[in-house]
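This report refers to the structure that appears directly beneath it.
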Amino acid sequence: MESQNKKVIFRNVKETSSLIVAGRKAAQKAIRENRILGLSFTFTKGNKVYREEGSGEVVFVKPIAARKSLNIKRGTILYAKSK
């Protein structure tokens, strides 16, 4: 018997694309409001993290390490570290 708390939701391409568009609009609105209020915000460009200050000055924060792709083959056993 399946658990009642487990719900599987399938999204179609149209729904996914509309969620992406809504997310972009929300991000643009948040950035615009931060600029108006003079607040700083952090963003990424390429493999680098930048912070734009309230004065409009863009400051480099740190580089982002490149991720390696996982080569998982059939039958591989994965272990999770416990805290």
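Numbers below:
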read-out	value
Accessible surface of VAL13 - all protein chains present, 1.4 Å probe, nearest 10 Å²	120 Å²
Separation of the ARG24 and ARG11 label points, Cα + 7 Å toward Cβ, nm	1.5 nm
Summed residue charge, Cβ within 12 Å of ARG51's Cβ, Lys/Arg positive, Asp/Glu negative	0
Accessible surface, the chain, averaged per residue in Å² (probe 1.4 Å)	104 Å²
Entry for Cα Rg over 2.2 N^0.38 Å (calculated from the structure that is shown) out of [x] 1.21; [y] 1.02; [z] 1.72	[z]
By accessible area with a 1.4 Å probe, ligands and nucleic acids excluded, highest first: order of LEU78, LEU19	LEU78, LEU19
Environment charge of VAL61, counting only residues whose C-beta is closer than 10 Å and scoring Lys/Arg +1, Asp/Glu -1	+3
Sequence-distant residues sharing a close amide H with GLY54 (under 5 Å, placed H)	SER40
Value of [θ]222 nm, deg cm²/dmol, for the chain, DSSP H segments ≥ 4, -39500 (n - 2.57) each, nearest 500	-10500 deg cm²/dmol
Residue-count net charge about SER18 - beta-carbon cut-off 12 Å; Lys, Arg +1, Asp, Glu -1	+3
Residues of region 15-48 with amide N under 18 Å of the 7 Å Cα→Cβ point at ARG67	43-48
³J(HN,Hα) computed for each position of region 46-62 - Karplus, 6.51 cos²θ - 1.76 cosθ + 1.60, integer Hz, glycine/proline x	x, 9, 10, 9, 10, 10, 9, 6, x, 7, x, 6, 9, 10, 6, 9, 6
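The values are calculated or read from the model by the stated rules, or taken from the named source; none is laboratory data. Predicted, not measured: the structure shown is a model, and the values here were computed from it. Glycine gets a Cβ as well: all are built from the backbone with ideal geometry, and neighbour counts include every protein chain shown. Quick note on the areas: whole protein, heavy atoms, side chains included, nothing else; ligands and nucleic acids left out. Shrake-Rupley method; radii C 1.70, N 1.55, O 1.52, S 1.80 Å.
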